[in-house]
Ligand SMILES: [Ca+2]
């Protein structure tokens, strides 16, 4: 798919779909890539250190972590299989601080910590170093694991509510995964578990809570998040200017990427993969691509990864 054909597809899609108003004027689809196999993406980030896109995916017992090399010319990807989660763990948010990779899992409440290594055949793998419990707040909320990102010091986790939880990785050893597994959903909470900080996210125009905070990406103090709702047709990405220790944060901008789903349908029809344009919907997975100051966006079981610029004035280093 060329940039020109993408432009034509944009025009076609706008004409055909009434409910989709098109891209935010500041957003532009740059290109796209075929994934070799659609997966239920739960979290993603791009690592400039090795020029790879890392994806955490799947529900138990088919969860894991893969990484992809993007072929700009062929608009394809080359995949490496880094880790398979054991049964009981569903892959959600994924990020890296220094040499450590972190994956949050879903309702089992586990934060996995890995280092990158190699197997006997010199294939890259993620080696599990520790498992921690997701810490809980003082009000005895027991969050699920949804999105995960970092600012190179702290982890930031979402749980599908209007909260974002800041976690200091240096305190993770205080959280016992076995304790968490046993009392998940119980009425009593331990007194020694807490988050470093909890943010509440509100809509700027109404002041309402923004529920469904999903996959996260923190870029230069701007926090981006996919928004989930039960309609399974949500394509919104919000941006928030973070203030480190404020208790509440207001959404600065909402990007509607419904057009990406229309582009996806067009490509599936063109490739003969689908004859109905029905199928995968929800946008999920947002990763900042440093070399091009753009974002890599995909969805749950989308076979295509889109690359888009969101804002001209991010001025990201
Ligand atoms: Ca991300």
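Here are some residues: 47, 73, 99, 119. Which one is within 13 Å of the ligand (Cβ to nearest atom), free of Cβ contacts under 8 Å to residues at least 60 places away in the same chain and surrounded by fewer than 18 Cβ atoms within 10 Å (Cβ to Cβ)?
Numbers: 73 fails: within 13 Å of the ligand (Cβ to nearest atom); 99 fails: within 13 Å of the ligand (Cβ to nearest atom); 119 fails: within 13 Å of the ligand (Cβ to nearest atom).
Answer to the check: 47.
Per-residue answers, yes or no, for (1) crowded, with 16+ Cβ neighbours inside 10 Å; (2) at pLDDT 50 or above:
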position: 180; (1), (2): yes, no
position: 184; (1), (2): no, no
position: 191; (1), (2): no, no
position: 201; (1), (2): yes, yes
position: 209; (1), (2): no, yes
position: 226; (1), (2): yes, yes
Completion exercise
Given the conditions (1) surrounded by fewer than 18 Cβ atoms within 10 Å (Cβ to Cβ); (2) over 18 Å from the mean Cα position of the chain (by Cα); (3) at pLDDT below 95, every one holds for residue 59 apart from (2)
Exercise for the section: Determine, yes or no, whether residue 117 is within 22 Å of residue 38 (Cβ to Cβ), touching a strand residue (DSSP E or B) at 6+ places or on another chain (Cβ under 9 Å) and modelled with pLDDT of 95 or more. Expected result: no
Exercise for the section: Filter the stretch 47-74 for residues that are within 14 Å of residue 103 (Cα to Cα) and in a strand (DSSP E or B) and give the result. Expected result: 54, 55, 56, 57, 64, 65, 66, 67
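Can we say residue 124 is away from the ligand (no atom under 16 Å from the Cβ), modelled with pLDDT of 95 or more and over 18 Å from the mean Cα position of the chain (by Cα)?
Details: away from the ligand (no atom under 16 Å from the Cβ): yes; modelled with pLDDT of 95 or more: yes; over 18 Å from the mean Cα position of the chain (by Cα): yes.
When the stated conditions are applied, residue 124 passes them.
The values are calculated or read from the model by the stated rules, or taken from the named source; none is laboratory data. What you see is a predicted model, and the numbers here were worked out from it, not measured in a lab. Note: ideal-geometry Cβ built from the backbone for every residue, glycine included; neighbour counts use all protein chains shown.
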